[in-house]
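What follows is a set of notes on a single structure, which appears directly below.
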Amino acid sequence: MSRRVKIAVASDHVGWALKAKVGDYLRSKGFDVEDYGPTTPESVDYPDYAEKVAVSVAAKGADFGVLVCGTGLGVAIAANKVPGIRAATCNDTISAYFARAHNDANVLALGGRLADEATARKIVDVWLSTEFEGGRHARRVEKIAHIDTRNHTERSR
Ligand code: RB5
């Protein structure tokens, strides 16, 4: 029996409503969804929630992450500070397609101010049905990993 694909989700207060809708949509499609919060729409700081999802994905506790803030920018910037994370802000399906096909992105960042529920569903569908193409793109993604390694090691010396 194959394991269900696991998706870690989180948001800030601006992305809270869309995060809940996307989580429900993913569950309805049979994905195993772990919600890292917040659980209420009170104001929170997006880096705190972006880090939870990023750490889960980087540690292979989840296959993918979905983060939602106002624009999808802040959560992606924060998530990308975790080594191994390739978070991509996608508020359209073309970005979602190439983020997976060329960048092997492992965290999808959505903007609650920019994508409505119907658009978010389409973005998620494209994201989850698009495979990384590998080949020359694998070489480039490896170079991204080397940037992580070089700079984290150099700074901690
Ligand atoms: C919160 O006001 C807002 O800054 C946040 O949701 C996000 O858009 C940041 O990138």
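The values are calculated or read from the model by the stated rules, or taken from the named source; none is laboratory data. Remember, it's a predicted structure, so these values are computed and weren't measured experimentally. Ideal geometry is used to build each Cβ from the backbone, glycine not excepted, and the neighbour counts take in all protein chains shown. Protein only, heavy atoms only, side chains kept; ligands, DNA and RNA dropped before computing areas. Shrake-Rupley method; radii C 1.70, N 1.55, O 1.52, S 1.80 Å.
Just to confirm my numbers, what's the Cα centroid distance between the stretch 93-157 and the stretch 24-52 in Å? About 18 Å separates the Cα centre of the stretch 93-157 from the one of the stretch 24-52. For residue 34, the residues whose amide H sits under 5 Å from its own are 7, 8, 9, ignoring neighbours fewer than 5 places away on the same chain, with H placed 1.01 Å from N. Name the residue, out of 65, 74, 134, whose mean-square fluctuation peaks in a Gaussian network model built on the chain with Cα pairs under 10 Å. So, out of 65, 74, 134, the one fluctuating most is 134. In the chain, the convex hull through the Cα atoms has an average projected area of 9.5 nm², a quarter of its surface area. Residue 45 sits with roughly 100 Å² accessible to a 1.4 Å probe, with DNA, RNA and ligands left out of the calculation.
Please report, in debye to the nearest 20, how large the charge dipole of the stretch 54-157 is about its Cα centre when each Lys and Arg carries +1 at its beta carbon and each Asp and Glu carries -1 there. Numbers along the way, then the final one.
On the way: 14 positive and 11 negative charges, 98 e Å.
Here the size comes out at about 460 debye.
Percent relative contact order of the stretch 2-67, based on C-alpha pairs within less than 8 angstrom and at least six residues apart? Relative contact order, the stretch 2-67: 47 percent.
Per-residue 3J(HN,Hα) values for the stretch 42-50, derived from phi via the Karplus relation 6.51 cos²θ - 1.76 cosθ + 1.60 with θ = phi - 60°, read 5, 5, 9, 9, 4, x, 4, 7, 4 Hz in sequence order (x marks Gly and Pro). Scalar couplings 3J(HN,Hα) for the stretch 14-29, obtained by applying the Karplus form with A = 6.51, B = -1.76, C = 1.60 to θ = phi - 60°, are 5, x, 4, 5, 5, 4, 5, 5, 5, x, 4, 5, 5, 4, 5, 8 Hz; x denotes Gly and Pro.
Determine the alpha carbon to alpha carbon distance for each of 19/143; 81/143; 29/81; 60/122 and list only those over 20 Å. Each step should come with its number before you reach the end.
Working: 19/143 32 Å; 81/143 16 Å; 29/81 30 Å; 60/122 25 Å.
Where the Cα-Cα span goes over 20 Å, the pairs concerned are 19/143; 29/81; 60/122.
In terms of overall dimensions, the C-alpha atoms belonging to the stretch 17-62 reach 30, 27, 11 Å along their principal axes, ordered largest to smallest.
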